[in-house]
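Okay, so here's the structure we're looking at.
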Amino acid sequence: MKTANGFQIIEMFEQFSPKQYAMEGDPIGLHVGQLNKPVTKVMIALDVLEKVVDEAIECGVELIIAHHPLIYRPLKKIDTTVAGGRIIEKLIKHDITVYAAHTNLDVAKGGVNDLLADALQLQDTEVLIPTHETALKKLVVYVPKADEQKIREALGKAGAGAVGNYSYCSFTGEGTGRFLPGEGSEPAIGSLGKLEAVAEVRVETIFPENIEKKVLSAMIKAHPYEEVAYDIYKLENKGESLGLGKIGVLAEEMSLEQFSEHVKQTLDVDKVRVVGDLHSPIKKVAVLGGDGNKYFTTAKFKGADVYVTGDMYYHTAHDAMMIGLNIVDPGHNVEKVMKKGVAQILKEMCHERNFDVEFIPSEINTDPFRFI
């Protein structure tokens, strides 16, 4: 197993949740500390409160990846007699780095809203509010015919060749590769100073640009040649649509009252606020983690029977009633689903790279609200 540093952990994370997915002005990225250090234990947290920092210290964590930014507004001072200042003081004293991924994690495939939709058991989901379209690229690589299968499998495993519901898509054409090994080369096929002609195949596939490093690394690792001949082209083809929220359907229709209980159970909350007739039939569901007040009309326009989101305002709830949209508000804190979800994704990515890193979800409940 290899030791990873903070830069390598964040590089992996940003392949999954790139910074460019974030909304303008969102204070994401490095908040406290440094990444140029070995990292063996990472905590995934929803919020960076003092109790969460104490938990990280007790667990021996070197890096916290949080959904909600620690420093949301510019600081005017760091007063260590109050909680906000003590948090930063403890982080620095214990050399704990804090990195935030907010709206980019909301948008990312497999991020907060995908995790919420999965928890609610929604089917046939699509993006509620598109914000990004993944840019696609084509990779062409030339390889000896005997190594074709190995290359195609490596590319597919790295995420290349995904087209809709299909994966490992590629095309192969046969031809002849010619090369002259020069001084200092160590050719896998042929001899120094002798022109070689090798039966090769041209393997073509596509990939989203955010995983380019991963795809190229997998290709080069699997390729037998000392110098790999390949081309990359930008494509005009439209890639996968990404954005805020998800909309999908339930396996079986249920009443708004039954669905509200379903939300409580699947999102692990004690209470929910509900707007609408409890007998209303619910089949199509829109969900958006955090504060989704400004998008309720989009949910209605796309045919949702109910909109699941947090922090619903009083007057917005009235507006939703007037257009016939049911609302279930389980609170902002249901975004806690990201803790285990992100930990699992990063664990798998580190396993692929043979990095010895432990990922732990924070166990601290950071919901400020209680129903009594």
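The values are calculated or read from the model by the stated rules, or taken from the named source; none is laboratory data. Treat the numbers as computed from the prediction; the structure is a model and nothing was measured. Don't worry about glycine lacking a Cβ; one is built from the backbone with ideal geometry, like all the others, and counts go over all protein chains shown. Each accessible area value is taken on the protein alone, full model and side chains, heavy atoms only, with ligands, DNA and RNA left out. Shrake-Rupley method; radii C 1.70, N 1.55, O 1.52, S 1.80 Å.
Annotations for the structure displayed:
- Dividing the alpha-carbon radius of gyration of region 45-177 by the rule-of-thumb value 2.2 N^0.38 Å gives 1.61.
- Expected 222 nm ellipticity per residue - DSSP helices of 4 or more, -39500 (n - 2.57), all of the chain, to 500: -8500 deg cm²/dmol
- Relative to its residue count, region 155-207 spans a Cα convex hull of 96 Å³ per residue.
- Eigenvalues of the alpha-carbon gyration tensor of the chain, scaled by 5 and square-rooted, set the equivalent ellipsoid semi-axes at 44, 29, 16 angstrom, largest first.
- Cα convex hull, region 11-102: 97 Å³ per residue, rounded to a whole number.
- Check: the chain dipole with +1 on Lys, Arg Cβ and -1 on Asp, Glu Cβ, in debye: 400 debye
- Of the residues Q15, V53, L30, the one whose Cα sits farthest towards the positive end of the charge dipole of region 2-62 is Q15 (charges of +1 on Lys and Arg Cβ, -1 on Asp and Glu Cβ, taken about the Cα centre).
- In the chain, the portion of solvent-accessible area held by carbon and sulfur atoms comes to 51 percent [1.4 Å probe, whole percent, DNA, RNA and ligands not counted].
- For region 1-62, the Cα-based Rg and Dmax, in that order, read 13.0, 39 Å.
- With bins 10 Å wide beginning at 0, the percent of Cα pairs of region 236-341 falling in each bin runs 15, 49, 28, 6, 1.
- Accessible surface computed residue by residue for region 239-334, with neighbouring protein chains in place and a 1.4 Å probe, gives 47 Å² per residue.
- Residues whose placed amide H lies under 5 Å from that of V39, excluding near-sequence neighbours: A4, N5, G6
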